[in-house]
Amino acid sequence: MVQNLGANGSITNVPLVDKLYGKLINCYSWADARYGGLVGTMFSGSVIANCYVNKTPGGNGGGLVMTGNGGHILHSYWLEGEAIGTNTGTSLLDSQAVAKHIVYIIM
């Protein structure tokens with residue numbers, strides 16, 4: 001489990017978590033990233049909860065995850081577009097893209 005972790009600056013290779021098999025809880029990223037805001041690939045049984053991303057990834061990844069192969073995203077937010085770049089079974093529950101000014105208010 002990764003909990004209460006934040007990133008800022010620049011992430012040049014993989015995002016905060018390359019492969020998520022467990023839980024990512026109460027985490028955020030303000031970092032410039034190329035592939036997914038928080039997670040490279042999430043797998044069945046994994047959970048992202050109460051997380052947000054304040055930058056849009058520069059590559060083809062989603063706001064939160066580059067590739068979703070199952071798992072759940074709960075109460076999490078990203079700036080715009082899709083949460084997941086390529087999705088094959090990851091569910092979104094009470095999560096959404098929000099305008100930039102709203103993300104600043106949440107912090």
Quiz prompt | Cβ-Cβ under 7 Å pairs, at least 6 apart or on other chains, the stretch 62-88 side under 15 Å from Ser29 (Cα atoms) and free of Cβ contacts under 8 Å to residues at least 24 places away in the same chain, far side surrounded by fewer than 16 Cβ atoms within 10 Å (Cβ to Cβ) and hydrophobic (A, V, I, L, M, F, W, C) | solution = none
Self-check item: Residues (among the hydroxyl-bearing types (Ser, Thr, Tyr), in a loop (DSSP other than H, G, I, E, B) and at pLDDT 90 or above) located in the stretch 50-87
Solution: Ser76
Quiz item: Within the stretch 12-39, how many residues turn out to be surrounded by fewer than 20 Cβ atoms within 10 Å (Cβ to Cβ) and either assigned to a strand (DSSP E or B) or in contact with a helix residue (DSSP H, G or I) (Cβ under 9 Å, 6 or more places away or on another chain) (or both)?
Solution: 5
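The values are calculated or read from the model by the stated rules, or taken from the named source; none is laboratory data. For clarity, every value in this text was computed on a predicted model and none was experimentally measured. Ideal geometry is used to build each Cβ from the backbone, glycine not excepted, and the neighbour counts take in all protein chains shown.
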